[in-house]
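Let me begin by presenting the structure, written as structure tokens, before commenting on it.
Values in this text are rule-based calculations from the coordinates and carry no lab data. For clarity, every value in this text was computed on a predicted model and none was experimentally measured. Cβ sites come from the backbone with ideal geometry, for glycine too, and all protein chains shown count toward neighbours.
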């Protein structure tokens, strides 16, 4: 953490990241426990083969945000909206799998949980460390 007067503010911002991440993950698990545990409708396996895979699109977009977009930010406050968008897309993939997944329901739910797991805010500590800029001569 940064020493100085801004350390407490930065820790609070990091705590917000953890709270948002835990809320999204627990919401997806609760929705699956409440709505996703029934038997599949008869004939659902044949009619929703390709439609059931629609949850892969937001999951792929969340992967792009996590690994290509978020590392380009240098500040916790500026990266938070993209963090929330990435979490929402990963959760949307899981929710689409739960409600429209058909035979792929459990697989898409698990991919949604893994998509949310990639956003664990351990990587956000790098935003708190100052990045050196300019020329530093060798002494």
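Arrange 12, 51 by Cβ neighbour counts within 10 Å, fewest through most, would you?
Final ranking by Cβ density, sparse to dense: 12, 51.
Please compute the modelled spin-label separation between residue 106 and residue 6, points set 7 Å along Cα→Cβ, answer in nm with one decimal.
Taking the two extended label points, one gets 4.9 nm.
State the extension gain, in nm to one decimal, for the chain segment bounded by residue 50 and residue 99, taking 0.36 nm per residue of separation less the distance between their alpha-carbons.
Full extension from residue 50 to residue 99 adds 16.2 nm.
How would 69, 64 line up from fewest to most surrounding beta-carbon atoms within 10 angstrom?
Numbers: 69 15, 64 12.
By the 10 Å Cβ count, ascending: 64, 69.
Using a 7 Å offset from Cα along Cα-Cβ at residue 19, what residues in the stretch 109-124 end up with backbone N under 20 Å from the label point?
Inside the label zone: 119-124.
So how far, in whole Å, is the C-alpha centre of the stretch 90-118 from the one of the stretch 57-89?
18
If we count other beta carbons within 10 Å of each Cβ, what is the order of 32, 10, fewest first?
10, 32
Once fully extended, how much extra length lies between residue 85 and residue 34, figured as 0.36 nm per residue of separation less the alpha-carbon to alpha-carbon distance?
Values: separation 51, 0.36 × 51 = 18.36 nm, distance 2.44 nm.
Between residue 85 and residue 34, full extension yields 15.9 nm more.
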